[in-house]
Amino acid sequence: MMEFSFLFLKYFALCFLSLAVVSSIPSFLSTPGREWKLVGYLDMTDPTQQCPDSWQKITSPRSSCGKKSTAPCDSLNITTSGASYQTVCGRFRGYQIGSPGAFHLSDGNVPENLRNIETYYVDGVTITYGVPGNRHHVYTYAAGFLESGGVASSPCTGNGDPPLPLVGFDYYCESGNAGPYWSLTDFYSSDILWDRQQCGGNEGTCYNPPDLPWFCKTFPATISEDLEVRICTNQGLDDENVAIESFELYIEVPSIPPSNVVAITIAPTSVNVSWDQLPSVSGNSYIAHEVRYSWLMGNGQLGTMYVNTGGDSNQLVLNSLQECVQYNISVRAYTSQGPGLFSSSVLDSSLNMYAQVPQPPEVQTSAFTATSANLTWSCPLEKIYTVISYSVNVTANDPSSISANGVRGLNLSYYTTVPGNQRYIQLKDMSLGKGITMA
């Protein structure tokens, strides 16, 4: 995430210093549990950046990238590297050159009834996914030639033509020319397009999407195709152009948990947990992993602990565990935006065999005196679910006792319970001749 943060800080600082525009990081990028992949980025306020080969570099009065060919659109492919996504978010900043006509293109060399997403339907920027011949609309940034109106102005001024039905409400239109006149060659550098700033005249009542200057588009189903950004105009470059100063495009990728989580006992109270490393997401790398382990305590309540490991490590040793306890273990990854999903729970591989009824533990005695004894015992031979408790049965033959039918020497017994996480007991106040058994 370090590179991602740097890009944002650099971008917003430059906007603030050179353009006096204050922007904030959008809420969708800081929502915990959501993963975003930066797939497209351009910032021509950075003197080290160059325009893509398919666009021409404009150096004055603002460094930017514009359409450079006589074709209806000049295209830039935005690779998503095969990632699956369902939401695209981004923003564009640009400038008006000459007299772009927004959605009023009936005076162009393609009849209005033939205009569609494969040709040009806007003077501005169109974002699509798919391939030529099978493009699908994502978002449109239209450039009108006057803020105050006119048939070639933004449709929201009350005079401009509406967008084609394929666009719907996924567009924003703005002009950089406050009027009342226009030029075929002027670069309108004093009013940045698509930032919802300096919207004078009729433009002040424009359709304003709520997330401006950002847009977000969610599709009905998951997509894995590349995105495409095209700068389109229906007239020659001596009449109109649109210049892009900067843009950012993100896709939301699934917040997947680590896979192939394995837990192996390496000591009586230690378990090594490992998992497959998740692929790094550009601009949103994994900064930590968290291992969660839980167990059933002696009182029947569930105990849970969390242990973190930094960076891209894909294993962790859990220490100071309890013997004869089954642990459920899962792992999740962290980015700077927060945690992802936990993996499915796994068990320590040495605890994958269960017995319905455990065999008696092996009992050892020490400090045996006439009236006391210390007992210790090992885990049951079969691996079982977490031991809740042990029952210690003490039996004694009392020669002085007489039954109701006159039989001397009764076997007397009593039970005491020991918590499952304790494998020892000290028996006191014992009399000679008492035998001890364990159950």
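Between residue 189 and residue 307, what is the spin-label point distance in nm, taking each point 7 Å from the Cα along the Cα→C-beta axis?
It works out to 6.1 nm between the two label points.
Between residue 221 and residue 84, what is the label-point separation in nm under the 7 Å Cα-to-beta-carbon projection?
Taking the two extended label points, one gets 1.3 nm.
Suppose the chain between residue 374 and residue 60 were pulled fully straight at 0.36 nm per residue; how much longer would it get relative to their current alpha carbon spacing?
Working it through step by step, the gained length comes to 103.9 nm.
Using the basic label-point model (7 angstrom from Cα toward the beta carbon), what is the residue 277 to residue 136 distance in nanometres?
3.3 nm
None of the figures in this text is laboratory data; all of them are computed from the coordinates on show. The structure displayed is predicted, hence computed values, not measured ones. Note that we place each Cβ from the backbone using ideal geometry, even for glycine, and neighbour counts take in every protein chain shown.
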